[in-house]
1. Please give the calculated 222 nm ellipticity per residue for chain A, where each DSSP H segment of at least 4 residues contributes -39500 (n - 2.57) and the sum is spread over every residue; nearest 500 deg cm²/dmol?
2. Lysine pairs in the range B:83-188 8 or more apart or on different chains: how many have alpha carbons under 26 angstrom apart?
3. Contour minus end-to-end for residue B:221 and residue B:177, with contour as 0.36 nm per residue of separation and end-to-end as the Cα-Cα distance?
4. Can you list residues from other chains, or at least 5 along the same chain, whose modelled amide H is less than 5 Å from the amide H of residue B:39?
5. In whole Hz, what ³J(HN,Hα) sequence does the range A:218-223 give by Karplus (6.51, -1.76, 1.60; θ = phi - 60°), x for Gly and Pro?
6. Indicate the residues belonging to the range B:262-277 that lose 30 Å² or more of solvent-accessible heavy-atom surface (probe 1.4 Å) upon moving from the chain alone to the assembly of all protein chains, ignoring ligands and nucleic acids.
7. Roughly how large is the A-B contact in terms of buried accessible area, totalled over both chains, probe 1.4 Å, nearest 100 Å²?
8. Go ahead and run the numbers for FRET between residue B:269 and residue A:307, Cβ-Cβ distance against an R0 of 60 Å, rounding to 0.05.
Protein chains: 2
Amino acid sequence: MKKIITLCYCSILLIFSAFSQQKTIQERLGYPKDTKLLIIHADDLGVSQSENAASIYAMENGSVSSGSIMVPCPWLGDIAAYARSHPSADLGLHLTLTSEWKNYRWGSVLPANQAGSLLNTAGFLYSDTDSLSQIGRPEEVEKEIRAQIERAKLFGIDPTHFDAHMGCLFINPTYLQILIKLGREYKVPILLNKEAFKLLYNIDLSKYISDKEVLLDKVFMAQPNNYKAGMRDYYTTVFKSIQPGLNCILLHAAYENSEMQAVTVDHPDYGAAWRQADFDFFTSAECRNLLQQQNIKLVTWKEIRDKLIRN
Amino acid sequence: MKKIITLCYCSILLIFSAFSQQKTIQERLGYPKDTKLLIIHADDLGVSQSENAASIYAMENGSVSSGSIMVPCPWLGDIAAYARSHPSADLGLHLTLTSEWKNYRWGSVLPANQAGSLLNTAGFLYSDTDSLSQIGRPEEVEKEIRAQIERAKLFGIDPTHFDAHMGCLFINPTYLQILIKLGREYKVPILLNKEAFKLLYNIDLSKYISDKEVLLDKVFMAQPNNYKAGMRDYYTTVFKSIQPGLNCILLHAAYENSEMQAVTVDHPDYGAAWRQADFDFFTSAECRNLLQQQNIKLVTWKEIRDKLIRN
C-alpha cells in the first residue's frame, strides 16, 4: 500500500513538474500568459557619483525598475548606503572583471597578488574582455567573483540578481559555468538569454543550464547606430516590439557632467552624452505613456528571485 | 706642501659650510634676504574629478603654485595624465595613510594582505590618524609609502616634494623618521616646519633633521573658525602677515558640485563649500593684487628641489 501511494505521489510530482516546465515564466510568476513583462535595467552603478545619482533618480522617479552594482568601483560605498536605507530597491551585482576607461580605472577586490592573471602591470583589471579571456585563470575568476559577492554582502547589499559588466562572465563556457554555479549557490537569478549568447558569444546556453535557471525571453540594448539615430526612436521601437514573456532592456543612466565626461574621456560609445540620453528617455512622461499604451508590466529581479528561486 | 693645501682646502670648506648655514633659504635660492617667498599649495589632488579640475584651473589661471597628489585615490590616473602632459607643473605627493570620508573611501596601494595594520575590516585606510598611530606598524607604513612613491613614478609623476595627508606621517617620531629617510633617498624636499610640529604634534623637529632638510619658516592653513568668518578675510590677514623667508599656505580647491558634495557628505569641515571658497579666493584678481601689493614672490617646490637638493 505504501509503495502504491509513493508511486502515485511520484507520478503526480512528474506530471506537476512537466506542467510547470510548460508554464511560461509570466505564469510561474502568477501573471496571465499574455503578459508582457519587462525589466528596465540600469547598469554600472558604483562607477561614479553621476551614475549613482542619475540611476537612483531614474528608479525613484522614472521607469527604471532595476540597477546593477559594480563592486570594485570607487562609488560602491555610496550606492551601498542607498541600498541599506532602501531595502526594497531592486539592486543586483554587475560582476566586474574589466576596467575600460582611459584615466579612471579600478583593480580587483582580491588583494592584487591573489588576482595576478586578472590584472595588468599597473594593477588594474584589463580594459577589454579579449585580454581577460586569454589570460584570466578560471580559479582566479571564481575567487574574485566570490570576493565581489562577499564584499557586497559586507556592505549590506542583498543582491537581487547577478549579471556581468561588458559580458565578462559570458565570454566563454568556463567563466559562464562559474557564474551559473555561484547563482545557484547564492540563490540569485542570472541575466541569461539564449539568443544573445548565441549571437554575441556563439555559446549554446542550453548546454549549461537546468530548469533551475530563469531565462529572459528577449534582451535589448542600444548599439552605437541606435544612439546616433536617436534613443527615443530606438526605445519606442523596442517598446512596440515587446511580446508576452520576460523581456529586459539594458541601459546606462548618468548625468552628462564634468565627472562623467572625465570618466568616459576619448570614449564616445557609452559616454556621458549617451548616458544622459538614456536618463532623459527613461525619466520621460513619454516613456511612461508608451509602457502604458503597449500594456507592458514592469517587473523586478527581486520578484523573480523570491517567487521562483528562494520560494 | 700637499698637507698644507689639504688643510687650507678643509678650512675653506668649513668656513663656506658655516657661512652657507647662516644663509637664509631665500638667499640659498638666489633671492635677496628680505624676499617674502610663498608656496600656495593645493592638497588632495587625485581624490575626485572636481578636486583635480579645480586645482588645475587654479594652478593655470589662479595663484596656486603647487599641488600634491594622493596616490591611492580613484582619480590618480586623471591627474597623472595631466602631470605627464604638463611636466613643468609643480606636483608632489600627498602621501596618504587615511581615508576620511563617509561613503567614498580607498585602501592601500600595497595588496591588502601586506598592509594589514593600516586597514580596517572593510579593507580601507583608517578614517583618523589616532587609529593609524595606535595600530599601524612602522614597517608596513614604510612599505606602503614606498609603494605610493613607486606607483606615482610608474604613472609618470616625478614628485617635486613629499607631504602627508592629514599629517599622517607627522603624527609620531617613528613615522616622521621614515618620511625623512624617504625624502633623502628620493632627493625630494618635505613639507616641514618646526613651529607646526611643536604645536600640532609636540615633536621637536630639530632632533630628526640635518642641514639636508629644507625647512619652511611658516605654514598657514585655514581652520573651521577661519572658514566661518570668511576665507577672504583669513587669507588677506595671512598675506599681510607674511615675513621674509619661505612661507607656505595649504588649501583645498574643488568645485562645490554634486560629486564633491557626495564625497564630503556629513562632513562640513573641509567640505565642498569650503573647497569652493578656497578655489574662489585663489583664482580671484584680489588675491593676485594682494600678492603684488605685499611684494610676495611665489616659488615652487621644484625650484627648491632642483636648486637645493638635486643640485
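1. On the way: 14 runs with 140 residues, N = 311.
For chain A, the value works out to -13000 deg cm²/dmol.
2. Values: B:143/B:153; B:143/B:181; B:143/B:187; B:153/B:181; B:153/B:187.
Step by step, the pairs that qualify in the range B:83-188 add up to 5.
3. On the way: separation 44, 0.36 × 44 = 15.84 nm, distance 2.35 nm.
Using 0.36 nm per residue and subtracting the Cα-Cα distance, I get 13.5 nm.
4. Under 5 Å from the amide H of residue B:39: B:247, B:248, B:249, B:299.
5. Result, ordered by residue: 7, 10, 10, 8, 4, 9 Hz.
6. B:262
7. Details: alone 14370 and 14360 Å², together 26920 Å².
Buried area between the two chains comes out at roughly 1800 Å².
8. Working: r = 48 Å, r/R0 = 0.80.
Using R0 = 60 Å, I get an efficiency of 0.80.
The values are calculated or read from the model by the stated rules, or taken from the named source; none is laboratory data. Keep in mind the model is a prediction, meaning the values are calculated, not measured. Using ideal geometry, Cβ is built from the backbone for each residue, glycine included, and neighbour counts are taken over all protein chains shown. Surface areas here come from the heavy atoms of the whole protein model, side chains and all, with no ligands, DNA or RNA. Shrake-Rupley method; radii C 1.70, N 1.55, O 1.52, S 1.80 Å.
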